[in-house]
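J.: Please find one structure pasted underneath; my questions will follow.
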Amino acid sequence: MPLLESQSGPSPPAVANSRSRRILFLDAYDSFTNNIVSLLKEALGDDVLVHVLHMDLKTLHADPSPDWTPEDFVARLPCFDAVVCGPGPGSPLCEADVGAFRLLWELPRDKAVPVLGICLGFQSLVAQFGGGIRKLRRGLHGMVRRIEHRDGDIFANVPEFRATLYHSLCADVGQDVISPERWETDMWLSPKGAPDLVPLAWTVEEYEDGAAEPERILMGVRHAKLPFWGVQYHPESICTDTAAHGVLKNWFSQALKWNESTGREMLPVDSEHIADSFAPSMIVERSIAAESRVATQKWWRDMQSGLAVSRSAPVYSCRRITLPDGVDAADVAEFLGVGGADSIMLDSSSTISGDPLARSSIIALEVDQALRFEYHVGDSWVTLRQPGTRDQEEVCQRIEIDSSDEHGAYDVWNVISEFWQQRKVAEEGGQEPAFKGGFMGFVTYEMGLSSLSPESISKNRGHHRPDLCFAWISKSLVLDHQAGVAYVQTLTPTPAESWIDDVVAKLQTSRAWQQPGYGSEEYKSIAAKRQPNEALLKSIQEPTGRLRFKTPKPAKYDDDVRQCQDAIAEGQSYELCLTAQTTMTRPRGNDVPRHLQQPAVTNGSSNGVSASSSSWPADEASRHGTPWQIYRTLRARQPAPFGSFIRLAGATILSSSPERFLAHDAQGLCSMRPMKGTVRKSEAVSTLAQAEKLLHIPKEEAENLMIVDLVRHDLYGVCGARRVTVPDLLKVEEYSSVFQMITVVNGQLPSYHNKNTSTSTSTKSVPNGLDVLAAALPPGSMTGAPKKRSCEILHTIEPTERSIYSGVVGFLDARGQGDWSVTIRTMFRWDDERAPPLEGEEETQPREVWRIGAGGAVTILSTPEGETEEMFTKLCGPLGVFKDAA
């Protein structure tokens, strides 16, 4: 029996039967899956249940039910009205890439289930029923094209629309042998080699250079006799016209008609194994269920004693004072004794130029006394460490976790969340500081990999450095630069009013307060001596002086770009964020900055306040720039909204990051700012308008768009369907040395209301910003898409760990508010990494090693030369600072 031809426009797929509708979504480990699930609910109705299962029949991490067997799969198909075979990396000809897709195509007719294939699912459908698969002449990842259809079948009454493409392979149904004269009619006919395939939509790719004939690309297809449809484009992309949603409505209407006309048997939902995967209510229900099981977890028992129960139920105390115009956070930090060992400052230094993102700087105090959580990927424990003091030895406690698989990485976040939940404080309303005390610290790139792609982390890493270190900060100062307010605050077992009074009194009489910006001039003079990039790169190749540099080899980076493009052309990835590391070595020296070499104003160890001096010490002949001096030069040369100075757990991080990864407030509003598309400031590109002309081109917009769609997927996975928006898309912003294209993606975490009691559950049961952070790592702007496969490819190309670089730095405060930046434009050092002394230089001690990572997004439109130039452009900012200040 041929399929019914739809002659009516998009309409709700409701039928007389009021039973809720169900769709099975087969995920091919793609990074856009959750976007499609949300779109299905938006287009078809929130009451449509969409259950997500990986195409290899593994259940989602959040799904506690067992993985399915092929027998389970076939037996449970009657529980679903239809199936969607989603997009993903790889080839439709590779069984490992499509998995259960083929089980659907091979079902006997009386068991056939309506299916929609998208991208890879579409290609699998074509390949199964006689069509060929070949490479496009040029991949079309992130490209937006007009979709041509003839207003029939699932395209009935759908206006013309443009859609985003993410593919480098395409269907070959003999379109190239059709003559131009017959194309307009024969394009809609079933090909001789695949008579069961009926073309429904096309696009034609024109090549600007005219060297090649236009390329005809099949965009939509249906099976002539079975309920199978497919589209090559991505209906869920933020840049696909909303008119395309009508195709989904038509498809589901056709699917229900098939079920009704064939009398297809439908079974009741198997609630033990089938659920509405990304409905906000289901996300909360899963969170509640997980909470009910925590008492059975290894880590839970350990969290009931020792350091894990210290500092519970803290009291928040604060004094709000006026912040004079022009006060520099670094000057204040120096006055407060920051800059030596164990320091944390999150620094909005670009506030000086009116940067709207540079709102607050946060200075942690008495970090050397702060309890911290440390975790090294692969360990079966989290370490709680209470540093020692003059009167007390260091105390450590191990929290045992399950490290048998990637679930162990999630246990780390559960441990941190449990500690935080017991120390939450309420919002007080009105104007409040960005941070009220709580966790501050860093996460490495490898920590993100540990749950996403654990096989991409070497078993023998050669070190035991923490991949996560969070310190619980109980004393801090927040400078709200835009409101002109400072907050001196504590989060302690009992109020600390006398400490606050002491700090406030000293701050208000300090030179940092009385003479704003006094300490910045000397660093500005160093920063102003910046060399042009070409001269800088040439100068560091000469092995003279104390410093030694090892930069990436341009030819090797060119080859790495080509390897990435080969993988993209084969359909393994849409975009790969390739990076390389530069190493710098120098003799070890005294890292105590000069302001800490002066007498303290009072007992600085008890209140964190010390004196500051603005003059260089007399023995500067040593020429050893301390980390603090290097950082002050960096922030003067490259002011940024998300800068940071961190010395914690053996790591030293000096960052001028312009990129926010994730911000979330206590009400569950989350915001991410993927940054892709860069142009260096120069005489030729000195204005925003000039930069917009260069960045608003297909290559640059595609780079950004791919990460935007990935970030939307990450947020939907925790926030739930229909709870993500994009208020700013492909916007160009100006920074000190570059122009960057950014997009803002917002998500709202779900809440839960108990209908029986008219009260909400405890917030402990509701997903929070920490859940979003854990789910979204590593940052998509540093991986590419699809994220999992891209990370696996990059692991084979990049020879070393990224470590601190490509991770995140930030805070989660006691209210549940957080802000995390991507660790780029950053220099970092590990205390235990050493290089041998230089031969013939009278050196006898090992040298310290510093690293800078830099890179960019490789797409099919990239050129090796262009990507290499972009990598060196990003590298030269922090590299020049190190050369001048170290």
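The values are calculated or read from the model by the stated rules, or taken from the named source; none is laboratory data. Just so we're clear, the structure is a prediction, and the values are computed from it rather than from any experiment. Cβ sites come from the backbone with ideal geometry, for glycine too, and all protein chains shown count toward neighbours.
J.: Give Tyr487, Tyr557 a once-over and let me know the one that is over 28 Å from Asn414 (Cβ atoms), part of a helix (DSSP H, G or I) and modelled with pLDDT of 95 or more.
T.: Tyr557
J.: What's the total number of residues in the stretch 797-814 that are in contact (Cβ under 8 Å) with a residue 24 or more places away in the chain, in a loop (DSSP other than H, G, I, E, B) and surrounded by fewer than 21 Cβ atoms within 10 Å (Cβ to Cβ)?
T.: Residues in the stretch 797-814 being in contact (Cβ under 8 Å) with a residue 24 or more places away in the chain, in a loop (DSSP other than H, G, I, E, B) and surrounded by fewer than 21 Cβ atoms within 10 Å (Cβ to Cβ): 2 in total.
J.: Return the residue satisfying two criteria in turn: it lies in the stretch 106-148 and is in a strand (DSSP E or B) and surrounded by 21 or more Cβ atoms within 10 Å (Cβ to Cβ), and of such residues it is nearest to the chain's Cα centre (by Cα).
T.: Across the stretch 106-148, the extreme among qualifying residues is Met143.
J.: Out of all the residues in the stretch 670-684, which are farther than 19 Å from Ala785 by Cβ and modelled with pLDDT of 95 or more?
T.: Listed by number, the residues that qualify are Cys670, Ser671.
J.: What pairs can you find where one residue is in the stretch 84-103 and at negative phi and among the aromatic types (Phe, Trp, Tyr), the other is surrounded by fewer than 24 Cβ atoms within 10 Å (Cβ to Cβ) and at pLDDT 95 or above, and their Cβ atoms are less than 9 Å apart, with a gap of 6+ or different chains?
T.: Phe101/Gln128
J.: Tell me which residues, restricted to the stretch 696-714, are of a type outside the set (Asp, Glu) and within 22 Å of the chain's Cα centre (by Cα).
T.: Lys699, Ala702, Asn704, Leu705, Met706, Ile707, Val708, Leu710, Val711, Arg712, His713
J.: Of the residues Ser403, Ser317, which is free of Cβ contacts under 8 Å to residues at least 40 places away in the same chain and crowded, with 16+ Cβ neighbours inside 10 Å?
T.: One residue alone meets the criteria, Ser403.
J.: Hey, another quick one. For the stretch 18-42: of the residues being among the aromatic types (Phe, Trp, Tyr) and outside any strand (DSSP E or B), which is nearest to the chain's Cα centre (by Cα)?
T.: Only one residue fits best here, namely Phe32.
J.: Now for a separate question. When only residues in the stretch 14-44 that are small (Gly, Ala, Ser) and at pLDDT below 95 count, which is nearest to Ala785 (Cα to Cα)?
T.: Restricting to residues being small (Gly, Ala, Ser) and at pLDDT below 95, the top hit is Ser20.
J.: Right, something else. On the given criteria, is Pro87 touching a Cys at 6+ places or on another chain (Cβ under 7 Å) and either modelled with pLDDT of 95 or more or surrounded by fewer than 22 Cβ atoms within 10 Å (Cβ to Cβ) (or both)?
T.: yes
J.: Please enumerate the residues belonging to the stretch 823-848 that are assigned to a strand (DSSP E or B) and either over 23 Å from Gly650 (Cα atoms) or among the small types (Gly, Ala, Ser) (or both).
T.: The one that is assigned to a strand (DSSP E or B) and either over 23 Å from Gly650 (Cα atoms) or among the small types (Gly, Ala, Ser) (or both): Ala835.
J.: Mind listing whichever residues of the stretch 231-280 are within 26 Å of Val718 (Cβ to Cβ), at pLDDT below 95 and not polar (S, T, N, Q)?
T.: Result: Val269, Asp270, Glu272, His273, Ile274, Ala275, Asp276, Phe278, Ala279, Pro280.
J.: Would you confirm, using the coordinates I've provided, whether Val485 is among the β-branched types (Val, Ile, Thr), over 30 Å from Ile804 (Cα atoms) and more than 28 Å from the chain's Cα centre (by Cα)?
T.: yes
J.: Within the stretch 300-336, restricting attention to residues that are in contact with a helix residue (DSSP H, G or I) (Cβ under 8 Å, 6 or more places away or on another chain) and part of a strand (DSSP E or B), which residue is farthest from Ile401 (Cα to Cα)?
T.: Here the answer is Ile321.
J.: Would you say Val377 is over 23 Å from Ala313 (Cβ atoms) and crowded, with 20+ Cβ neighbours inside 10 Å?
T.: Yes.
J.: Being within 27 Å of Val425 (Cβ to Cβ), touching a residue at least 12 places away in the same chain (Cβ under 8 Å) and assigned by TED's automatic domain parsing to the domain that holds Asp771 is the requirement here; does Val294 meet it?
T.: So Val294 does not fit the description; no.
J.: When you go through Gly388, Gly429, Gly378 one by one, which is the residue that is part of a loop (DSSP other than H, G, I, E, B), touching a residue at least 24 places away in the same chain (Cβ under 8 Å) and not acidic (Asp, Glu)?
T.: Going through Gly388, Gly429, Gly378 in turn, just one is part of a loop (DSSP other than H, G, I, E, B), touching a residue at least 24 places away in the same chain (Cβ under 8 Å) and not acidic (Asp, Glu): Gly378.
J.: Filter the stretch 495-539 for residues that are closer than 29 Å to Thr582 by Cβ and β-branched (Val, Ile, Thr) and give the result.
T.: Selection gives Ile526 alone.
J.: Moving on. For the subset of the stretch 281-310 comprising residues that are at pLDDT below 85 and basic (Lys, Arg), which member is surrounded by the most Cβ atoms within 10 Å (Cβ to Cβ)?
T.: Arg286
J.: Moving on. Kindly provide the set of residues from the stretch 250-269 that are under 38 Å from the mean Cα position of the chain (by Cα) and in a loop (DSSP other than H, G, I, E, B), ordered by number.
T.: Within the stretch 250-269, Val269 is the sole residue that qualifies.
J.: Of the conditions (1) under 30 Å from Pro493 (Cα atoms); (2) touching a Lys or Arg at 6+ places or on another chain (Cβ under 7 Å), Met440 satisfies every one except a single condition; which number is it?
T.: So the condition that Met440 fails would be (2).
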